[in-house]
1. Tell me the Kirkwood radius of the stretch A:173-312: reciprocal of the mean inverse pair distance over distinct alpha-carbon atoms, in Å.
2. Under 1.5 on a/c is rounded, so check that first for chain B, then, if it is not, pick prolate when a/b is larger than b/c and oblate when it is not; a ≥ b ≥ c are the square roots of the alpha carbon gyration tensor eigenvalues.
3. Order the peptides A:21-30, B:126-135, A:275-284 from the highest to the lowest mean number of other Cβ atoms within 10 Å of their residues.
4. Is the shape of the stretch B:87-184 best called rounded, prolate or oblate, per the rule: a/c under 1.5 gives rounded, else a/b larger than b/c gives prolate, else oblate, with a ≥ b ≥ c the square roots of the Cα gyration tensor eigenvalues?
5. Quick one: 3J(HN,Hα) in Hz for the stretch A:63-75, Karplus 6.51/-1.76/1.60 with θ = phi - 60°, rounded, Gly and Pro as x.
6. Strictly greater than 22 Å: what percent of every Cα pair in the stretch A:1-149 meets that?
7. Quick check on chain A: helices-only [θ] at 222 nm, where DSSP H runs of length 4 and up contribute -39,500 (n - 2.57) each and the sum goes over total residues. Nearest 500, please.
8. Per-residue counts of other Cβ atoms within 10 Å, averaged by peptide: what ranking do you get for A:59-67, B:166-174, highest first?
Amino acid sequence: MNRRIELVCPAGSLPALKVAVDHGADAVYLGFRNATNARNFPGLNFDDSEMRRGIQYAHERGARVFLALNTYARVGQWSDWTRAADAAADLGVDAVILADPGLMHYCRERHPALRLHLSVQGSATNPEAISFYARQFGVQRVVLPRVLSLNQVRYVISNTPVEVEVFGFGSLCVMVEGRCALSSYVTGESPNTCGVCSPAKAVRWEESGSSRQSRLNGVLIDVYAPGESAGYPTLCKGRFIVRGVPDVSPAYALEEPTSLNVLGILPDLLRSGISAVKVEGRQRSPAYVAQVTRVLRAALDACMRDPSGYVPRPEWVAELDRLAEGRQHTLGAIDRAWQ
Amino acid sequence: MKLSLGPIQYFWDRDTVMQFYARIAVAPVDIVYLGEVVCAKRRALNATDWLDIAGRLAACGKEVVLSTLVLVEAASELSRMRHIVENGRYRVEANDMAAVNMLCGRERFVVGPHINIYNGETLRLFSDLGACRWVPPLELGREAVTELQAMRPKGMETEVFAFGRLPLAFSARCFTARAHGLPKDDCQFRCADYPDGMELETRDGLQFLALNGIQVQSGSTANLVRELPTLRAIEVDVLRLSPQSRGMETVIDWFRRAIDGRVDPDEAARALEASASTGPCNGYWHGVAGMDWLTEFDP
């Protein structure tokens with residue numbers, strides 16, 4: 001009997017939620033339209049009424065709904081976060097995804113029946129840290145940062161009773177989530193403080209005769225030659241010069257613009273005992289969510305049916321690559337031999 | 001107001017570390033944080049070496065705190081952390097929830113800047129768990145720290161990161177090895193060649209960031225000496241200075257004199273600019289981009 005892995009898909013809007021559910025998501029995750037979630041982008045997310053409709057739509061079709069309240073509550077605005085937690089409990093979401101220990105404590109006290117998931121922003125990378133959240137707040141699932149190798153994921157799973165969810169597809173954070181202040185260093189706003197990274201309002205494109213430049217709050221992130229495809233200037237994915245090495249030509253010193261894609265190792269992940277695979281991308285369009293959900297649904301079903309006979313089909317890989325940042329993918333840290 | 005010396009972020013060789021702390025033993029800092037916080041592979045000093053240094057510093061009247069690793073992934077790292085937690089003599093700074101889990105309910109401990117406490121409710125929770133001092137996340141500025149000071153539980157000291165390159169991010173990837181075209185598993189300890197990190201510049205020459213193994217630091221050196229009047233007014237207990245390879249005693253000295261009122265903070269700021277390895281920044285404290293350097297503000 002093979003384990004079942006839950007497919008968790010992003011819903012940045014009601015239409016995205018519907019297509020995710022229609023294309024086979026077991027669960028969707030979403031957020032309120034404010035700074036309480038880590039995709040606080042203009043035009044995204046849900047108000048109370050949309051959330052009510054979204055939850056109903058998902059539940060009627062057997063899908064679960066997780067609410068991301070995964071930023072750190074700002075001092076002086078604590079009630080914005082507790083109001084969101086209260087609303088989540090009232091609306092009947094299946095779990096809240098939290099990062100702030102104070103908010104977890106609040107939920108544990110006020111809404112003991114509410115299921116708690118630890119957000120990737122909670123930076124739990126080892127069983128002892130996970131044990132903290134389980135002991136103190138009764139956290140039932142943890143989303144692992146995208147920095148662990150497969151061996152490390154196995155080590156975590158075999159040493160914690162808490163369910164483990166890993167990222168399967170989407171933009172790749174090379175830094176430990178919840179522990180990266182690069183965005184606020186450059187722009188004043190970060191995932192932890194504002195639910196944003198490299199915010200669009202700080203982006204400026206400059207065209208000159210021979211090149212195109214992207215800047216973030218004035219800092220030059222990248223320069224593109226004519227005809228070269230240009231990506232969003234997430235600051236860790238720019239080209240920079242590192243001093244003190246023989247080669248001082250501009251390079252992706254931190255990370256390439258690329259997407260995470262675990263299609264190639266789904267059987268290993270299944271055997272490792274993960275409970276869920278998460279798709280990144282609440283900022284993406286419904287069309288994107290539909291395509292990624294459809295491909296991952298097919299791949300997961302094939303893998304769960306016959307793990308040893310599973311091979312990722314070329315058309316799945318091609319379809320996901322077309323959607324991937326920089327049109328290329330990587331297994332990221334999960335494929336490393338790191339111990 | 002006390003002065004502390006944060007843990008060394010870089011990979012210095014054993015002799016350099018020993019000599020550094022021999023000088024620190026007679027420098028006017030009150031608290032010294034010891035131990036490797038960035039990369040578990042760096043083992044130029046073993047546990048006995050660190051405890052020797054701790055003993056010598058304690059004998060000179062310093063409060064010694066043992067700091068723990070920030071990014072913890074392996075069982076071996078957890079077992080080393082447990083040794084630190086169970087040292088039986090010195091207070092411990094927790095930089096990961098794993099350390100908090102080992103410490104809570106048994107010891108009073110310090111919460112380092114990489115534990116995310118952004119509000120008074122979380123601060124109270126950590127106080128209940130046994131924290132006796134906390135270092136606010138680097139992103140938090142005057143406005144937030146002031147509000148949190150008003151909410152802080154009894155017996156909780158506040159320590160603000162006041163000088164040094166800011167440890168902004170941590171990764172599973174080793175950026176130093178990557179810059180040398182080496183895999184992390186065969187890094188050849190290249191980070192030992194960069195005692196203040198590797199400079200990362202933008203293509204138009206801005207000294208933007210510094211690479212220090214798996215850590216990314218600010219290109220500029222944070223400096224809050226000019227903010228001393230505010231820091232004192234809101235009753236911050238400790239200012240943390242982060243070690244750099246050169247001139248650290250001079251840095252300590254200027255801060256000490258500024259705290260004691262023997263020198264004007266503006267004069268100290270000007271002098272410290274000469275002692276810092278890179279240009280200054282104080283943006284986080286003023287609620288703007290961390291890299292900014294504000295010179296016109298209401299102290």
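Every number in this text was worked out from the coordinates using simple rules, so none of it is lab data. The model shown is predicted, which means the values in this text are computed figures rather than measured ones. Virtual Cβ from ideal backbone geometry, glycine too; neighbours counted across all protein chains shown.
1. Answer for the stretch A:173-312: a Kirkwood hydrodynamic radius of 18.0 Å.
2. rounded
3. Highest mean packing first, the order is A:21-30, A:275-284, B:126-135.
4. Details: a/c = 2.57, a/b = 1.50, b/c = 1.71.
In terms of gyration-tensor shape, oblate.
5. 9, 8, 10, 10, 9, 7, 10, 10, 9, 8, 4, 6, 4
6. 38
7. -10000 deg cm²/dmol
8. Top of the packing list down: B:166-174, A:59-67.
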